[in-house]
Amino acid sequence: KIVILDGKGINPGDLSWDGMKEYAELTVYDRTPHDAEEIIRRIGDAEIVLTNKTVVGRTVFERCPGLKLLCVVATGYNVVDTQAAKEHGVAVCNVPAYGTEMVAQFAIGLLLEICHHVQLHNESVHAGEWESCPNFCYWKMPIMELAGKTMGIIGFGRIGRAVGRIARAFGMQVLAYNRSRCPEGEAIGT
(Lines give C-alpha, C1' and ligand atoms only; values in the text may rest on other atoms or scores of the structure.)
Protein backbone atom coordinates (compact mmCIF):
# COMPACT_ATOMS: atom_id res chain seq x y z
CA LYS A 1 0.00 0.00 0.00
CA ILE A 2 1.12 3.52 -0.83
CA VAL A 3 -0.33 6.60 0.89
CA ILE A 4 0.23 10.17 -0.24
CA LEU A 5 -0.53 12.49 2.68
CA ASP A 6 -0.63 15.85 0.92
CA GLY A 7 -1.15 15.28 -2.78
CA LYS A 8 -2.23 18.84 -3.62
CA GLY A 9 1.04 20.23 -2.28
CA ILE A 10 2.98 17.86 -4.48
CA ASN A 11 0.68 17.78 -7.50
CA PRO A 12 -1.88 20.56 -7.98
CA GLY A 13 -3.61 18.46 -10.64
CA ASP A 14 -1.35 18.61 -13.67
CA LEU A 15 0.03 15.08 -13.19
CA SER A 16 -1.56 11.68 -12.84
CA TRP A 17 -0.92 9.32 -9.95
CA ASP A 18 -2.17 6.37 -12.02
CA GLY A 19 1.31 5.01 -12.79
CA MET A 20 1.79 4.19 -9.12
CA LYS A 21 -1.38 2.09 -9.10
CA GLU A 22 0.43 -0.52 -11.20
CA TYR A 23 2.66 -1.35 -8.23
CA ALA A 24 0.43 -1.03 -5.20
CA GLU A 25 -2.91 0.01 -3.79
CA LEU A 26 -2.77 3.81 -3.76
CA THR A 27 -4.59 6.31 -1.57
CA VAL A 28 -4.08 10.03 -2.19
CA TYR A 29 -5.20 12.68 0.30
CA ASP A 30 -5.22 16.28 -0.95
CA ARG A 31 -4.18 17.53 2.49
CA THR A 32 -3.67 15.94 5.88
CA PRO A 33 -4.21 17.92 9.09
CA HIS A 34 -1.22 18.23 11.38
CA ASP A 35 -2.79 15.88 13.89
CA ALA A 36 -0.85 12.73 14.82
CA GLU A 37 -4.00 10.63 15.26
CA GLU A 38 -5.30 11.54 11.80
CA ILE A 39 -1.89 10.95 10.21
CA ILE A 40 -1.71 7.51 11.85
CA ARG A 41 -5.27 6.68 10.73
CA ARG A 42 -4.49 7.67 7.14
CA ILE A 43 -1.21 5.75 6.99
CA GLY A 44 -2.73 2.68 8.58
CA ASP A 45 -0.84 -0.41 7.36
CA ALA A 46 0.77 1.30 4.34
CA GLU A 47 4.34 0.33 3.55
CA ILE A 48 5.21 3.46 1.57
CA VAL A 49 4.22 7.03 2.44
CA LEU A 50 4.85 10.21 0.49
CA THR A 51 4.71 13.55 2.26
CA ASN A 52 5.55 17.10 1.44
CA LYS A 53 4.61 19.26 4.43
CA THR A 54 2.80 16.81 6.68
CA VAL A 55 4.98 16.21 9.74
CA VAL A 56 5.74 12.57 10.49
CA GLY A 57 6.95 12.26 14.08
CA ARG A 58 7.96 9.56 16.53
CA THR A 59 4.39 8.58 17.44
CA VAL A 60 3.62 7.83 13.79
CA PHE A 61 6.60 5.47 13.51
CA GLU A 62 5.67 3.76 16.76
CA ARG A 63 2.06 3.18 15.71
CA CYS A 64 2.55 2.36 12.02
CA PRO A 65 4.78 -0.77 12.14
CA GLY A 66 4.13 -1.66 8.50
CA LEU A 67 5.84 1.49 7.27
CA LYS A 68 9.05 0.68 5.36
CA LEU A 69 9.74 3.80 3.27
CA LEU A 70 8.92 7.47 3.84
CA CYS A 71 9.51 9.71 0.83
CA VAL A 72 9.69 13.45 1.41
CA VAL A 73 8.75 14.99 -1.90
CA ALA A 74 10.91 18.05 -1.26
CA THR A 75 14.57 18.85 -0.70
CA GLY A 76 14.87 18.46 3.08
CA TYR A 77 13.94 16.18 5.96
CA ASN A 78 12.63 18.83 8.36
CA VAL A 79 9.14 17.27 8.46
CA VAL A 80 10.43 13.86 9.58
CA ASP A 81 11.77 12.63 12.90
CA THR A 82 14.70 10.89 11.19
CA GLN A 83 16.01 9.42 14.45
CA ALA A 84 12.66 7.74 15.12
CA ALA A 85 12.55 6.51 11.53
CA LYS A 86 16.00 4.96 11.93
CA GLU A 87 15.04 3.32 15.23
CA HIS A 88 11.98 1.75 13.57
CA GLY A 89 13.85 0.58 10.46
CA VAL A 90 12.07 2.99 8.10
CA ALA A 91 14.12 4.26 5.18
CA VAL A 92 13.68 7.97 4.51
CA CYS A 93 14.46 9.62 1.20
CA ASN A 94 13.92 13.02 -0.33
CA VAL A 95 14.34 14.71 -3.71
CA PRO A 96 17.56 16.71 -3.31
CA ALA A 97 17.48 18.27 -6.78
CA TYR A 98 13.75 19.10 -6.64
CA GLY A 99 13.10 22.67 -7.71
CA THR A 100 16.72 23.59 -8.43
CA GLU A 101 16.09 25.11 -11.85
CA MET A 102 12.74 26.63 -10.82
CA VAL A 103 14.19 28.34 -7.74
CA ALA A 104 17.14 29.64 -9.79
CA GLN A 105 14.74 30.89 -12.45
CA PHE A 106 12.63 32.62 -9.79
CA ALA A 107 15.71 34.27 -8.24
CA ILE A 108 16.70 35.64 -11.66
CA GLY A 109 13.09 36.72 -12.24
CA LEU A 110 13.25 38.78 -9.05
CA LEU A 111 16.56 40.26 -10.18
CA LEU A 112 15.02 41.21 -13.53
CA GLU A 113 12.10 42.86 -11.73
CA ILE A 114 14.57 44.95 -9.72
CA CYS A 115 16.43 45.91 -12.90
CA HIS A 116 13.48 46.61 -15.20
CA HIS A 117 10.48 47.28 -12.92
CA VAL A 118 8.32 45.18 -15.23
CA GLN A 119 5.25 45.31 -13.00
CA LEU A 120 5.44 49.09 -12.59
CA HIS A 121 5.81 49.60 -16.34
CA ASN A 122 3.05 47.13 -17.14
CA GLU A 123 0.63 48.94 -14.84
CA SER A 124 1.72 52.30 -16.24
CA VAL A 125 1.21 51.24 -19.86
CA HIS A 126 -2.22 49.80 -19.04
CA ALA A 127 -3.09 53.11 -17.35
CA GLY A 128 -2.35 54.90 -20.66
CA GLU A 129 0.74 56.73 -19.44
CA TRP A 130 2.95 55.65 -22.36
CA GLU A 131 0.38 56.84 -24.90
CA SER A 132 0.45 60.31 -23.37
CA CYS A 133 4.22 60.45 -23.00
CA PRO A 134 5.85 63.03 -25.31
CA ASN A 135 8.93 60.78 -25.74
CA PHE A 136 9.00 57.58 -27.80
CA CYS A 137 11.31 55.93 -25.27
CA TYR A 138 9.32 55.45 -22.12
CA TRP A 139 10.33 54.41 -18.64
CA LYS A 140 9.27 55.40 -15.16
CA MET A 141 12.43 54.16 -13.46
CA PRO A 142 16.00 53.83 -14.66
CA ILE A 143 16.66 50.46 -16.27
CA MET A 144 19.76 48.53 -15.24
CA GLU A 145 21.72 46.34 -17.65
CA LEU A 146 23.10 43.17 -16.10
CA ALA A 147 25.99 42.58 -18.52
CA GLY A 148 29.21 43.57 -16.81
CA LYS A 149 27.72 43.58 -13.31
CA THR A 150 28.96 41.29 -10.54
CA MET A 151 26.70 38.89 -8.66
CA GLY A 152 27.69 37.54 -5.26
CA ILE A 153 26.28 34.17 -4.28
CA ILE A 154 26.53 32.87 -0.74
CA GLY A 155 26.03 29.10 -0.71
CA PHE A 156 27.13 27.44 -3.92
CA GLY A 157 25.12 24.24 -3.83
CA ARG A 158 22.81 23.12 -6.61
CA ILE A 159 20.66 26.25 -6.54
CA GLY A 160 23.58 28.65 -6.17
CA ARG A 161 25.37 27.04 -9.11
CA ALA A 162 22.20 27.20 -11.23
CA VAL A 163 21.75 30.90 -10.44
CA GLY A 164 25.42 31.50 -11.28
CA ARG A 165 25.06 29.72 -14.61
CA ILE A 166 22.11 31.92 -15.59
CA ALA A 167 23.85 35.08 -14.38
CA ARG A 168 26.86 34.25 -16.54
CA ALA A 169 24.53 33.85 -19.52
CA PHE A 170 23.51 37.48 -18.92
CA GLY A 171 27.19 38.46 -19.07
CA MET A 172 27.63 38.89 -15.34
CA GLN A 173 30.71 38.05 -13.34
CA VAL A 174 29.89 35.66 -10.52
CA LEU A 175 31.64 35.53 -7.16
CA ALA A 176 30.58 32.69 -4.89
CA TYR A 177 31.21 31.63 -1.32
CA ASN A 178 30.57 28.14 0.02
CA ARG A 179 31.37 26.63 3.44
CA SER A 180 33.20 23.74 1.84
CA ARG A 181 35.36 23.61 -1.23
CA CYS A 182 33.30 23.55 -4.39
CA PRO A 183 35.42 22.80 -7.48
CA GLU A 184 32.45 23.66 -9.74
CA GLY A 185 32.70 27.25 -8.48
CA GLU A 186 36.41 27.75 -8.87
CA ALA A 187 36.13 28.55 -12.57
CA ILE A 188 32.77 30.34 -12.42
CA GLY A 189 34.25 33.82 -12.62
CA THR A 190 36.36 33.08 -15.68
(request) Just need a number here: residues in the stretch 68-109 that are closer than 29 Å to residue 58 by Cβ, out of contact with any strand residue (DSSP E or B) (no Cβ under 8 Å at 6 or more places or on another chain), among the hydrophobic types (A, V, I, L, M, F, W, C) and outside any loop (DSSP other than H, G, I, E, B). (result) 1
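Give the stretch 110-139 a look and list any residue that's more than 28 Å from residue 151 (Cα to Cα), open to solvent by 80 Å² or more (accessible area, probe 1.4 Å) and in a loop (DSSP other than H, G, I, E, B), or say none. Break it down stepwise before answering.
Going residue by residue through the stretch 110-139, those that are more than 28 Å from residue 151 (Cα to Cα) are 123-137.
Subset that is open to solvent by 80 Å² or more (accessible area, probe 1.4 Å): 123, 126, 130-132, 134-137.
Passing the criteria: 130, 131, 132, 134, 135, 136, 137.
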(message) Anything in the stretch 140-178 that is in a loop (DSSP other than H, G, I, E, B), open to solvent by less than 70 Å² (accessible area, probe 1.4 Å) and hydrophobic (A, V, I, L, M, F, W, C)? List them, or say none.
(response) 146, 147, 156, 172
(request) Tell me which residues, restricted to the stretch 73-88, are open to solvent by 60 Å² or more (accessible area, probe 1.4 Å) and modelled with pLDDT of 95 or more. (result) 82, 83, 86, 87, 88
(request) Could you grab me the full set of residues in the stretch 21-62 that are without any contact (Cβ under 8 Å) to a residue 40 or more places away in the chain, assigned to a loop (DSSP other than H, G, I, E, B) and within 17 Å of residue 8 (Cα to Cα)? (result) 29, 30, 31, 32, 33, 34, 55
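Please enumerate the residues belonging to the stretch 48-72 that are more than 18 Å from residue 94 (Cβ to Cβ) and either of a type outside the set (Gly, Ala, Ser) or open to solvent by less than 10 Å² (accessible area, probe 1.4 Å) (or both).
58, 59, 62, 63, 64, 65
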(request) Go through (1) among the aliphatic types (A, V, I, L, M); (2) open to solvent by 80 Å² or more (accessible area, probe 1.4 Å); (3) at pLDDT below 95 and name the single condition residue 97 misses. (result) (2)
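The values are calculated or read from the model by the stated rules, or taken from the named source; none is laboratory data. Not measured: the values here are computed from a predicted model. Cβ: placed from backbone, ideal geometry, glycine included. Neighbour counts: every protein chain shown. To get the accessible areas, we keep the full protein, side chains included, count just its heavy atoms, and leave off ligands, DNA and RNA. Shrake-Rupley method; radii C 1.70, N 1.55, O 1.52, S 1.80 Å.
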